[in-house]
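These notes are about the structure you will find just below.
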Amino acid sequence: TDFNEITAGQDHVCARRTDNTVECWGDNDDGESADQGSATYEMIAAGYNLTCGIKTMSKEIECWGSNTDNARDNHPTAENHKYISVGEKAVCAIDNDDKLICWGNNTNNLQTEPGDDFTSVAVGSGHACAIKTNNTVECWGDDNGGATTPNDQFQSLTAGADHTCGRKADNTVVCWGQDTDENLSVPQGTTKAIASHGTATCALSTTGLRRCWGHPYTGQTQVPDESFKYVDVGTHNSCGIVKSNSSLKCWGSNSDGQSNAPQSGTYSQLAVGDIHACAVKTDNTASCWGSTANNRTISSSVQSHYVSAGLDFSCALNETSAINCWSDPGVPQRSTPWGLFTHIASARAAQYSCGIRTNEDMACWGADPDSYGLLTARSGDYRTVDVGNQHACAIKKDRSLDCWGRNTEGQITQQSGTDFLAVAAGHTHSCAIKANGNNDYGSIICWGDNAYGKASPPSGSTFTAVAAGRFHTCALNTDDDVICWGVTDRD
């Protein structure tokens with residue numbers, strides 16, 4: 001089937017065929033993907049859980065999906081509309097007389113439209129912007145969310161939750177509003193189309209390349225040109241230890257300074273969490289950076305030889321190999337298990353950890369609010385473990401693989417064989433290195449959620465280490481190169 005327009009909401013997508021009929025798919029809990037039959041539309045727009053369109057013959061508006069704030073049913077009834085935009089809470093349309101009208105939620109005075117002489121409009125979460133007939137822009141609503149009006153001329157606009165981007169007359173893009181996830185960090189170059197959703201924006205370049213920025217497109221697969229000896233992956237960024245001088249390099253999201261690694265010192269091991277990271281110096285002291293909330297980056301004064309970084313806490317193995325964790329009082333990880341450990345791993349986006357004791361049994365601690373059995377003791381002897389958002393995987397002493405926890409995306413699907421060397425548990429996917437007749441390196445297999453290609457490893461290389469985040473995966477190959485795959489800011 002051929003399509004000439006596509007629009008995406010929170011969890012659904014609608015597309016307009018070349019015969020102007022509409023097909024929708026995805027979440028339909030509120031009817032946002034309802035079958036439109038033979039009805040034809042000249043324009044469609046999807047919001048959070050609502051879709052609207054302008055019919056081809058009558059030019060009247062039709063909406064389907066959620067009726068929160070009467071956004072579905074309270075649309076204008078006139079048969080003279082030419083443009084429509086659906087935001088998270090409100091809808092705006094422009095009629096054939098260039099008059100703008102908005103309906104739905106009126107928080108931040110979204111329904112206080114600026115008047116006439118408009119050609120297009122983009123509605124965000126609490127703000128809206130529109131292009132006037134002289135190509136200037138008028139914005140209204142939440143000033144903190146992108147309603148500040150730029151002094152320029154534009155061809156087109158797109159609105160995310162709390163930011164807006166516009167394509168200028170020279171085909172370059174400028175964005176304004178909140179910059180919580182680097183959603184204002186526009187790549188250089190010229191474009192021919194732009195689209196925003198949430199805190200992300202994508203543009204189609206004039207040469208045909210897709211360029212994306214903001215969450216989750218934060219450059220986490222753009223690896224520095226270095227050789228590395230250690231790598232770890234956080235929720236939206238990665239860090240590595242440079243082979244030549246044992247210094248630190250980080251790339252990807254830097255929303256809370258989690259990619260601002262210390263510029264001095266030499267390091268032997270590191271761990272990247274959600275919005276912070278920690279590393280062990282060669283003098284066995286721990287150093288942390290990134291978000292200081294919950295005291296997660298207060299470096300332990302205890303001598304350490306291994307660290308892990310979680311959602312809002314950090315842990316380390318001290319000089320005796322006992323576990324020492326730091327965070328705000330009340331965080332579950334502060335209550336650590338007994339014993340001496342060889343390895344620990346902490347969930348980057350959750351509040352639990354697992355570790356392997358020196359006697360090769362496993363202990364897990366923290367919080368399992370959704371009761372996926374994350375903290376249930378595993379039987380047997382283990383070599384290593386890694387923990388994801390709501391699942392975990394470990395390699396047993398016989399090098400077989402053991403995964404447990406949530407399995408909504410197949411992320412704990414048991415893999416056969418007794419030749420596993422390393423394992424990584426991401427947000428909703430898992431990866432492991434299988435030996436290629438060698439106990440030091442092998443090829444990578446991945447399973448579970450493959451959104452953005454994060455579970456599609458490259459072929460033709462052999463690897464010694466692997467780490468998985470929310471939307472991307474990185475591995476260290478036998479040439480000491482870090483190779484990452486999954487979400488990228490351009491491809």
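What the table below lists for this structure:
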| quantity | calculated |
| --- | --- |
| Some residue of region 307-324 being open to solvent by 20 Å² or more (accessible area, probe 1.4 Å), under 21 Å from Ala394 (Cβ atoms) and of a type outside the set (A, V, I, L, M) | yes |
| Any pair with Cβ under 6 angstrom, 6 or more apart, that starts in region 55-73 at a residue that is closer than 15 Å to Ala93 by Cβ and ends at one that is crowded, with 16+ Cβ neighbours inside 10 Å and among the aromatic types (Phe, Trp, Tyr) | Lys55/Tyr41 |
| Matching residues, region 110-159, being polar (S, T, N, Q), more than 19 Å from Thr172 (Cα to Cα) and either more than 27 Å from the chain's Cα centre (by Cα) or in a helix (DSSP H, G or I) (or both) | Gln111, Thr112, Thr119, Thr133, Asn144 |
| Hey, Ser185 within 19 Å of Leu50 (Cβ to Cβ) and of a type in the set (Ser, Thr, Tyr) or not | no |
| Filter result (assigned to a strand (DSSP E or B) and buried (at least 24 other Cβ atoms within 10 Å of the Cβ)) within region 271-287 | Ala271, Val272, His276, Ala277, Cys278, Ala279, Ala286 |
| Pairs where the first residue, in region 313-337, is of a type in the set (Phe, Trp, Tyr) and the second is modelled with pLDDT under 90 and part of a loop (DSSP other than H, G, I, E, B), C-beta under 6 Å, 6+ apart | Phe313/Arg296; Phe313/Ser327; Phe313/Val331; Trp326/Ile298; Trp326/Ser300 |
| Qualifying residue in region 177-192 (condition: open to solvent by less than 40 Å² (accessible area, probe 1.4 Å), more than 19 Å from the chain's Cα centre (by Cα) and within 24 Å of Cys92 (Cβ to Cβ)) | yes |
| Test: residue in region 93-109 that is hydroxyl-bearing (Ser, Thr, Tyr), open to solvent by less than 30 Å² (accessible area, probe 1.4 Å), in contact with a Lys or Arg (Cβ under 8 Å, 6 or more places away or on another chain) and not in a strand (DSSP E or B) | no |
| Residue in region 459-471 that is part of a strand (DSSP E or B), at pLDDT below 95, touching a helix residue (DSSP H, G or I) at 6+ places or on another chain (Cβ under 8 Å) and surrounded by 24 or more Cβ atoms within 10 Å (Cβ to Cβ) present | no |
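The values are calculated or read from the model by the stated rules, or taken from the named source; none is laboratory data. These numbers were taken from a predicted model, which means no experiment stands behind them. Every residue, glycine among them, receives a Cβ derived from its backbone with ideal geometry; neighbour counts consider all protein chains shown. To get the accessible areas, we keep the full protein, side chains included, count just its heavy atoms, and leave off ligands, DNA and RNA. Shrake-Rupley method; radii C 1.70, N 1.55, O 1.52, S 1.80 Å.
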